[in-house]
1. Using only alpha carbons, build the gyration tensor for the range 29-175 and give me the equivalent ellipsoid semi-axes, biggest first, whole Å.
2. So what's the projected area for the range 91-182, the Cα convex hull averaged over all directions, in nm²?
3. Give, in nm to one decimal, the length gained when the segment between residue 168 and residue 60 is fully stretched (0.36 nm per residue of separation minus the Cα-Cα distance).
4. What is the sum of charges around residue 101, taking Lys and Arg as +1, Asp and Glu as -1, for the other residues whose C-beta is under 15 Å from the C-beta of residue 101?
5. What's the extension gain from residue 178 to residue 109 if we count 0.36 nm per residue and subtract their Cα-Cα distance?
6. Please work out the FRET efficiency for the pair residue 99 and residue 72, using the Cβ-Cβ distance as r and a Förster radius of 22 Å; give the result to the nearest 0.05.
7. To the nearest 0.05, how large is the calculated FRET efficiency for residue 123 and residue 145 if R₀ is 22 Å and r is the Cβ-Cβ distance?
Amino acid sequence: MNQGGSHGGYIEPTCFAYVETYDGGSKLEQSLRTIGPTEVDHRTVSAPYLRIVEQRAEGTVLLTQWDFRVTQPNVKRMSTATAHSLEHCLGIFLREETQSVLNVGPMGCLTGFYITTIGMDGYDSMANALDRALRVTTTIESVPLANDRQCGWAGDHSAEAAARIAADLLAFRAEWHQVTAE
C-alpha cells in the first residue's frame, strides 16, 4: 500500500474492470491460449526445459519471452533463497554473455524463470548463453548484488544453493529442448 509520495495515500487500481460477459478475449489472449503459458499442461511437462512463451516483432526488433523451467511443477519448487540467488546470478551472468537479455524474473510458483530478450536469434543462442551463465554460477562463493544497497531482501540468499542448482541444470543441458516427457 502506498503511504506517501505525490498521491498521499492508497492508489485505487484503475486498470482492472469488472466485465459481466466474456467474449473470448483479444487476439493476443486468443494466441496465448494457443502458444503461450495457458496451454502448457503443468502435469505433463518435464523440467528442466527452455522454451519460447511468446515472440513479438516491434518494427524490426524481435522481443522474446522465455520460460526456463528449473523444477517440476506441482512436485518441487525452489526455496526463496535459491530462487532469489539464482535470479541474481542469471541477471548478472546472462547479461555478461549477451546484450540481448532485458530481464530475468522468477515465476511466482518458484519453479523457474521468465527471461525477456530483445533480438535473440533463436533457441541455441539462448540455451548457450544460459549454459555459460550457469557454469559461472557453479563457481560462485557469494551471490552478486546480495547487499542491502542493491537488493531488497539481502539476507535471503544462498550461494551454495545457487551453485548446486546450476550444476543440476547443467547435468540436464542436452534435454532442455524437451518440454514434455516422451
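1. Value: 24, 18, 15 Å, ordered largest first.
2. Mean projected area of the Cα convex hull: 6.8 nm².
3. 35.2 nm
4. Net of charged neighbours comes to -4.
5. Working: separation 69, 0.36 × 69 = 24.84 nm, distance 2.07 nm.
Separation in residues times 0.36 nm, less the Cα-Cα distance, equals 22.8 nm.
6. 0.10
7. Numbers: r = 28 Å, r/R0 = 1.28.
Using R0 = 22 Å, I get an efficiency of 0.20.
Values in this text are rule-based calculations from the coordinates and carry no lab data. As the structure is a prediction and not an experimental result, all values here were calculated from the model. Counting neighbours? That spans all protein chains shown, and the Cβs are built from the backbone with ideal geometry, glycine included.
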